[in-house]
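Rule-based calculations on the coordinates, nothing more; no lab input. Predicted model, so just to flag it, every value in this text is computed and none were measured. So basically every Cβ, Gly included, is an ideal-geometry build from the backbone, and we count neighbours across all protein chains shown.
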Amino acid sequence: MAHNPAFQDEFYTCCYDEEESQLMVLKDKQALCEDLKYILSVPDLCDVTFLVGPEQYPIHGLRAILASRSRLFYMMILAKEKEIKIQASQKKIGFLKKLKEIRKLLTSKPSYQTPESSISRKLTIVLEEFEPSIFERLVRYIHCGMVSVDVLSVVGLLNAAEKFELECLKNACWEFAVSCIRPDLVHDLIASANEYSNCKLTNDLFKEIQEISLNHPELLFCTPRSRSNSFRDGNDCRPKSITTNGLLMRSVL
């Protein structure tokens, strides 16, 4: 049987050292990914909870992984920990003042220390500016290194990846977004992009759509969801907002 120095598929890697035949390196990525997915699904196993969007949808994670993968997450977590320490210190001072006023001596640690210690181990951070479905995918990617992206989520993830300085995810989302500039997907892409119209990468994407549509005008017109009012005045070169199938879209022509 021929010696195979290495075997690899999407999740599993097994390498053999040709010089040291007794050495084997096993990398079981799928098992690690599944374990981390399970941890994210169990709030009690996580030590940080994000309340995302206007409805404050809870999304859980691990501080160590988030902070090590993204500097912005590290700064957010650090700031929240400092805030909790200040609040705990103020609470302790107020409590001690009350003890002094009533002239009582404590023979054991005050009960308030237990919840403070518990709070310091578990954080809650409010993030109203993010869409829960996008942020949840972002957190899963950070923990597991995997994420499913479709035409309706790619622009949100693209901008989130830039904000949290995740270059690999950002580059992959950009390439996928550009690949979606085709007749059957471009309208969904534009519709979802309008939700992030204030972001730099969204505007870059609109420019990319504009450049491609100059050579392929059928992208925005010759489709089942063609827009009937897509025109601009001769003296007005500003993008116009128009409605197609109930969706507000930004004209890039």
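Scanning residues 5 or more positions from GLY53 or on other chains, those with amide H under 5 Å from its amide H are LEU127, GLU128, GLU129, PHE130, with H placed 1.01 Å from N in the peptide plane. Computed from backbone phi, the HN-Hα couplings of the range 202-215 come to 5, 5, 4, 5, 4, 5, 5, 5, 4, 5, 5, 6, 5, 8 Hz, rounded to whole numbers (Karplus: 6.51 cos²θ - 1.76 cosθ + 1.60, θ = phi - 60°; Gly and Pro given as x). Using θ = phi - 60° in the Karplus curve 6.51 cos²θ - 1.76 cosθ + 1.60, the 3J(HN,Hα) couplings for the range 65-80 round to 6, 4, 5, 6, 8, 9, 5, 5, 4, 4, 5, 5, 5, 4, 5, 5 Hz; x is entered for Gly and Pro.
Applying 1/(1 + (r/R0)^6) with R0 = 45 Å to the Cβ-Cβ distance of ALA79 and GLU211 gives a FRET efficiency near 0.65. For the range 50-64, the Karplus equation 6.51 cos²θ - 1.76 cosθ + 1.60, evaluated at θ = phi - 60°, returns couplings of 9, 9, 9, x, x, 8, 6, 5, x, 10, 9, x, 10, 4, 4 Hz by residue, with Gly and Pro reported as x. Spatial offset of the range 177-218 relative to the range 38-83 amounts to 32 Å, using the alpha carbon center of each. Taking packing as the residue-averaged number of other Cβ atoms within 10 angstrom, the listed peptides 73-81, 151-159 run from highest to lowest as 151-159, 73-81. Distant-in-sequence amide contacts of LEU123, defined by a placed amide H-H separation under 5 Å and a gap of 5 or more residues or a different chain, comprise VAL48, THR49.
Rg and Dmax, both from the Cα atoms of the range 140-206 and both in Å, are 11.2, 34.
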